[in-house]
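Novice: The structure follows.
The values are calculated or read from the model by the stated rules, or taken from the named source; none is laboratory data. In this text, all values refer to a predicted model and were calculated from it rather than measured experimentally. Neighbour counts run over all protein chains shown; Cβ positions are idealised from the backbone, glycine included.
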Amino acid sequence: MASQPDCLFCKLVREGEHVNAAEGFVAIEDINPKAPVHLLVLPERHVDTLRDVSTFEPDEAKRMLEFVADTARNAGLEDYQVVVNVGPRAGQTVFHLHWHVLGGGRPFE
Ligand code: 5GP
Ligand code: ZN
């Protein structure tokens, strides 16, 4: 889906500070970190939730997963958590698909 005018993460894709980037994907720091390292991986293309993962081409989906791992590696993380909240009852507050990458402290040391 094209960039959504009211979507916070579409805006951060366009003009945020990216700690990592690849074709189609960016990573940013979470504004309210829940761990010493808390990054968010965003597809540049607007997709509401992981429920819509089938809208990615197989190669794009593979590259997205590789980019999640690459972002963690670039941040110096060996052990880390990857979390995707899907839907409001699971804690999703921003409806542009994103992957939380959490690490760098207990219990991750
Ligand atoms: P969710 O709850 O949807 O899984 O995750 C949304 C995440 O976005 C939260 O961890 C929240 O701290 C983060 N967040 C909310 N607003 C902003 C913002 O303006 N900038 C950044 N970098 N992160 C944000
Ligand atoms: Zn968006």
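Novice: What tally of residues in region 1-31 results from selecting those that are of a type in the set (D, E, K, R) and closer than 19 Å to Tyr80 by Cβ? Please lay out each step first, then the result.
Specialist: Narrowing region 1-31 to residues of a type in the set (D, E, K, R): 6, 11, 14-15, 17, 23, 29-30.
Right, trim to closer than 19 Å to Tyr80 by Cβ and you get 29-30.
Qualifying residue count for the region: 2.
Novice: Where residues in region 1-29 are away from ligand 1 (no atom under 14 Å from the Cβ) and of a type in the set (A, V, I, L, M, F, W, C), which of them is surrounded by the most Cβ atoms within 10 Å (Cβ to Cβ)?
Specialist: Going through the qualifying residues, I end up with Phe25.
Novice: Residues to consider are Phe9, Phe25, Phe95, Phe67; find the one that is of a type in the set (Phe, Trp, Tyr), away from ligand 2 (no atom under 15 Å from the Cβ) and under 13 Å from the mean Cα position of the chain (by Cα).
Specialist: Phe67
Novice: Taking Lys34 as meeting all but one of (1) more than 13 Å from ligand 2 (Cβ to nearest atom); (2) within 13 Å of the chain's Cα centre (by Cα); (3) under 24 Å from Gly87 (Cβ atoms), write down the number of the exception.
Specialist: Condition not satisfied by Lys34: (2).
Here is a yes/no grid of residues against (1) modelled with pLDDT of 95 or more; (2) among the charged types (D, E, K, R); (3) surrounded by 15 or more Cβ atoms within 10 Å (Cβ to Cβ); (4) under 18 Å from Leu12 (Cβ atoms):
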| residue | (1), (2), (3), (4) |
| --- | --- |
| Leu42 | yes, no, yes, yes |
| Pro58 | yes, no, no, no |
| Arg63 | yes, yes, yes, no |
| Glu66 | yes, yes, no, no |
| Arg73 | yes, yes, no, no |
| Gly76 | yes, no, no, no |
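Novice: Going through region 12-22 one residue at a time, which ones are within 13 Å of ligand 2 (Cβ to nearest atom) and assigned to a loop (DSSP other than H, G, I, E, B)?
Specialist: Gly16
Novice: Which pairs do you get when a residue that is under 21 Å from His18 (Cβ atoms), found in region 74-89, comes within reach of a residue that is of a type in the set (S, T, N, Q) and surrounded by 12 or more Cβ atoms within 10 Å (Cβ to Cβ), reach meaning Cβ atoms under 7 angstrom, with the pair 6+ apart or on two chains?
Specialist: Close Cβ pairs satisfying both conditions: Asn74/Asn20.
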